[in-house]
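Below you will find the structure I want to go over with you.
The values are calculated or read from the model by the stated rules, or taken from the named source; none is laboratory data. Quick caveat, the model's predicted, so the values are computed rather than measured. Counting neighbours? That spans all protein chains shown, and the Cβs are built from the backbone with ideal geometry, glycine included.
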Amino acid sequence: MSESILSDLPEVPTDGDPLVAKIANLPIAQPRTPEPEGHKRTRYRTIWISDVHLGTKGCNADMLIDFLDNTDSETMYLVGDILDGWRLKKKFYWPAAHNDIVWRILKRAKRGTRIVYIPGNHDEMFRQFTGLNFGGIEIRRVAFHDTADGRRLMVLHGDEFDAVMLSQRWLAFVGDWTYRAAMQLNVLVNGVRKAMGKPYWSLSKAAKHKVKNAVEFIGKYEEVVAKAAGQRGVDGVVCGHIHTAEFRQFDFNGKPVEYWNDGDWVEGCNALVEHEDGRMEILNWPDVIKQRGQQEAERGSAVRAEADADAKDPDPDRKAA
Ligand SMILES: [Mn+2]
């Protein structure tokens, strides 16, 4: 007996779109990498992730699995481009790790996390299901999130602004194939680094800040999105799409408007989180892993030092006991 992604939604006609049918019938198998049990997860009020691009080689699935296994939240927003339908249509690529991610997300919903999925432009074939729920996952075109401290945030993928960005579209296009080439290089470089026991290194984090055009494009995009949020009368906006995690504060008619971008899991490996008190934070998961490694090493050496000290000068109290 195998469950499929849309098994809770049998009435949805998928025959009109062969890709939707194919994805709908993907068997969700038991994960290759099982979820660790009984360990402590960092709990947040809200988590936002986007631009995972499942179905492509660029997706950093192992990093995302580690993130999912170490965090939990009341609500989780999947802010688009979770699956890459464009690429899946050309070449069907679905490794076990990608199944593991879908399995973990469905499992989260079953455990009681409210999951809101806002399809992006790469998974736009799911936009036809807007308003429906499947497997406990709500599909929305746009969502409004109220933070613990009473701010209202508009949540959307962000490709809605591509038309407004038309004058800079050639930049986005140039960005597209150079980006893919850069990401392939990134996979290669990090494969070598991993083999050498070196930590993950972000190519575009290094490159993006040097490319003036890309910086101008991103800056303009952030401005356009924040302005749209201001016009909607909300306190801020959360989006993805441009694969650049960022927080900026804008002014709209004398009122502050927050711009949050939750980044991507192709290269940057970022998530946006809301703490219990409403404070928000962009997590850089490679950095979190690095810190965890350092803490473990420190704890290890502290335990060793204690053991050494005990061996040299046994604790009299402990001796008595
Ligand atoms: Mn997108």
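Condition check ((1) touching a Ser or Thr at 6+ places or on another chain (Cβ under 6 Å); (2) within 14 Å of the ligand (Cβ to nearest atom); (3) closer than 26 Å to residue 90 by Cα) across all residues:
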| position | (1), (2), (3) |
| --- | --- |
| 129 | no, no, yes |
| 135 | no, no, no |
| 145 | no, no, no |
| 151 | no, no, no |
| 161 | no, yes, yes |
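Residues checked against (1) away from the ligand (no atom under 15 Å from the Cβ); (2) of a type in the set (S, T, N, Q); (3) modelled with pLDDT under 95:
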site	(1), (2), (3)
209	yes, no, yes
212	yes, no, yes
234	yes, no, no
240	no, no, no
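Now, a different point. All but one of (1) aliphatic (A, V, I, L, M); (2) under 25 Å from residue 222 (Cβ atoms); (3) within 21 Å of the chain's Cα centre (by Cα); (4) more than 16 Å from the ligand (Cβ to nearest atom) hold for residue 156; state the number of the condition that does not hold.
With (1) aliphatic (A, V, I, L, M); (2) under 25 Å from residue 222 (Cβ atoms); (3) within 21 Å of the chain's Cα centre (by Cα); (4) more than 16 Å from the ligand (Cβ to nearest atom) applied to residue 156, the lone miss is (4).
Within the range 246-270, how many residues are of a type in the set (Gly, Ala, Ser), more than 13 Å from residue 158 (Cα to Cα), within 16 Å of the ligand (Cβ to nearest atom) and modelled with pLDDT of 95 or more?
The total comes to 0.
Taking the conditions exactly as written (under 21 Å from residue 269 (Cβ atoms) and of a type in the set (Val, Ile, Thr)), does residue 139 satisfy them or not?
In short, no.
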